[in-house]
Structures are given as structure tokens and as C-alpha cells.
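Just so you know, all these numbers are worked out from the coordinates, no wet-lab data involved. Keep in mind that this is a model prediction, so the values were computed, not measured. All Cβ positions, even for glycine, are placed from backbone atoms using ideal geometry, and neighbour counts span all protein chains on display.
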Amino acid sequence: MNAKSDTSQPVKPLAGNCLHRWIDQDSPYLVSQVCDFCKLYRYRVALVSDWEYRAPIPRAGMELDWP
């Protein structure tokens, strides 16, 4: 088995290993942010709510390779 490695694309860190840098986002939630490095999304529905987390958001312009 021969695995190819494309080193031309930057590798984003896994969310658990990332030193997050949160950027505010517009959303229907009271507060929402996305990490500039791993693209993990977090939001609060109210000031007394805990943070809720979502999977990384695909970058704008990123196309999927369909067979």
C-alpha cells in the first residue's frame, strides 16, 4: 500500500491539540466564535449557558472531491 502525502497544503491541528484563537462570528446565538486555527465553532445561547461546541467549519471556497 502506497500512501501519498500532499505537503503543499497546510495541516490544521486537531481541535483537542489546538491552542485556540477565538474570533467572533455573526450568528443567531447570543455569542458565537470560531477558532482561527482548527475552525472549531463554539456558541452560547444565553449569558448563563455553558459553551456548546460544533465540528470544524469547512473553509469558504473549499470544494469537495466527488468521484
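Worth pointing out:
- Here the Karplus relation 6.51 cos²θ - 1.76 cosθ + 1.60, evaluated at θ = phi - 60°, turns the backbone of the stretch 29-35 into coupling constants of 7, 4, 9, 9, 9, 10, 6 Hz, with x for every Gly and Pro.
- Placed amide H near residue 25: partners under 5 Å, 5+ positions off or other chain: 32, 33, 34
- For the stretch 42-55, the Karplus equation 6.51 cos²θ - 1.76 cosθ + 1.60, evaluated at θ = phi - 60°, returns couplings of 9, 8, 10, 8, 7, 4, 8, 7, 6, 5, 10, 10, 10, 4 Hz by residue, with Gly and Pro reported as x.
- As a rough guide to protection, the peptides 33-41, 45-53, 17-25 ranked by mean Cβ packing within 10 Å, highest first, stand as 33-41, 17-25, 45-53.
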